[in-house]
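Take a look at the structure below.
The values are calculated or read from the model by the stated rules, or taken from the named source; none is laboratory data. Just so we're clear, the structure is a prediction, and the values are computed from it rather than from any experiment. Here the Cβ positions follow ideal geometry from the backbone for every residue, glycine too, while neighbour counts run over all protein chains shown. Surface areas here come from the heavy atoms of the whole protein model, side chains and all, with no ligands, DNA or RNA. Shrake-Rupley method; radii C 1.70, N 1.55, O 1.52, S 1.80 Å.
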Amino acid sequence: MEPGSVENLCVVYRSHDFLVVNKHWDVRIDSKAWRETLTLQKQLRHRFPELADPDTYYGFRFCHQLDFSTSGALCVALNKAAAGSAYRCFKDRRVTKAYLALVRGHVQESRMTISYAIGKNSTEGRTHTMCIEGTQGCENPKPSLTELVVLEHGLYAGDPVSKVLLQPLTGRTHQLRVHCSALGHPIVGDLTYGHALGQEDQPFRMMLHAFYLRIPTSAECVEACTPDPFVPSLDACWSPHTLLQPLDELVQVLRAAPDPDPSEGGWSYLVPLLLPDSGPSTHMLSVSRGSGCGPHTCHQPPQPPPHVIPAGLP
């Protein structure tokens with residue numbers, strides 16, 4: 001895989017007011033530390049020096065965050081007004097986000113909603129991490145919702161893994177990583193929430209990628225779909241053998257889904273909008289990509305039941 005560098009910044013959406021970039025893994029968004037040799041802010045300054053705003057500390061207004069180890073779609077506002085409109089969308093939970101991940105083990109339920117409350121871990125030596133309600137040292141847990149759809153089963157370096165699509169309906173710190181770990185299926189390469197001691201030292205990165213992003217601002221709908229990085233042609237250790245849900249179908253569902261409605265709690269549910277489960281398939285389909293917001297004609301699905309509910313069960 002190509003290492004991150006100041007030159008290899010990938011832009012997947014650009015308008016007068018916004019950029020969406022495909023952030024490299026193991027790259028910080030910004031940093032005040034002089035020793036940080038590569039950040040997204042430095043990449044942007046190198047590629048777009050004319051767009052840097054001297055009125056901001058870093059030169060660019062990042063609309064949201066991605067963890068250091070997470071790759072994928074990240075939106076940058078190019079002026080104060082655009083930043084304000086994007087901020088209101090995030091505040092009102094009108095943003096649609098979806099992630100791809102490789103997780104340990106073969107997840108048996110094809111679709112589920114995860115709702116473990118997440119709080120800060122006060123355990124000595126773990127204070128930089130998050131935890132689920134009911135575990136030792138978990139302080140101030142807050143409601144958290146994640147939808148999970150299994151795309152493929154396969155092997156990573158000989159070990160069973162599942163490729164999944166994750167849709168966070170809340171925005172807790174490390175939410176997807178904590179929820180996957182709580183299920184017993186931690187993300188491959190996650191050194192913080194992985195279960196097996198030493199097992200996560202082998203993958204070259206944490207296998208979590210921000211795949212899809214839609215921010216319906218008042219002036220424009222910012223929509224971006226990034227390339228899928230978890231394919232055998234890019235990582236020979238990943239060997240899928242069973243397809244359960246084609247990714248291109250999910251992209252169409254995401255684009256056709258309504259923007260989350262603040263009056264309904266600001267959540268838009270992917271799982272109830274999916275086509276009926278047709279069972280596993282052994283053939284592989286490629287992802288389709290494009291730009292522009294799809295038609296928003298679907299009705300708002302009902303609120304899901306608590307905790308982990310496999311799709312299709314009452």
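Listed conditions (1) within 26 Å of L166 (Cα to Cα); (2) open to solvent by 50 Å² or more (accessible area, probe 1.4 Å); (3) polar (S, T, N, Q) are all met by S122, apart from (1).
Within the stretch 218-242, residues that are closer than 30 Å to G84 by Cβ and touching a residue at least 40 places away in the same chain (Cβ under 8 Å) sit with their Cβ atoms under 7 Å from residues that are open to solvent by 20 Å² or more (accessible area, probe 1.4 Å) and among the polar types (S, T, N, Q), at 6+ positions apart or across chains, in these pairs: E220/S15; E223/S291; T226/N22. Within the bounds of the stretch 65-77, is there any residue that is without any contact (Cβ under 8 Å) to a residue 24 or more places away in the chain and out of contact with any Pro (no Cβ under 6 Å at 6 or more places or on another chain)? No, the stretch 65-77 has no match at all.
Taken over the stretch 125-150, the residue count meeting the criterion of being open to solvent by less than 50 Å² (accessible area, probe 1.4 Å) and farther than 29 Å from D235 by Cα is 8.
Among the conditions (1) more than 21 Å from the chain's Cα centre (by Cα); (2) open to solvent by less than 40 Å² (accessible area, probe 1.4 Å); (3) small (G, A, S), the only one that G72 does not satisfy is (1). Only a single criterion out of (1) modelled with pLDDT under 95; (2) of a type in the set (F, W, Y); (3) crowded, with 21+ Cβ neighbours inside 10 Å is not satisfied by F204, namely (3).
Condition (residue is open to solvent by 40 Å² or more (accessible area, probe 1.4 Å), under 29 Å from D248 (Cβ atoms) and charged (D, E, K, R)) applied to the stretch 11-27: is it met by at least one residue? Outline the logic, then answer.
Taking the stretch 11-27 and keeping what is open to solvent by 40 Å² or more (accessible area, probe 1.4 Å), we get 11-12, 14, 16, 26.
Filter again for under 29 Å from D248 (Cβ atoms), leaving 11-12, 14, 26.
The next check asks that each one be charged (D, E, K, R); those that pass are 14, 26.
Within the stretch 11-27 (the criterion being open to solvent by 40 Å² or more (accessible area, probe 1.4 Å), under 29 Å from D248 (Cβ atoms) and charged (D, E, K, R)), the answer is yes, since at least one residue qualifies.
One residue is enough: does the stretch 151-165 have a residue meeting the conditions over 24 Å from F204 (Cβ atoms) and open to solvent by less than 20 Å² (accessible area, probe 1.4 Å)? Taking every residue of the stretch 151-165 in turn, none turns out to be over 24 Å from F204 (Cβ atoms) and open to solvent by less than 20 Å² (accessible area, probe 1.4 Å). The one condition from (1) outside any loop (DSSP other than H, G, I, E, B); (2) hydroxyl-bearing (S, T, Y); (3) open to solvent by 30 Å² or more (accessible area, probe 1.4 Å) that Y57 does not meet is (1).
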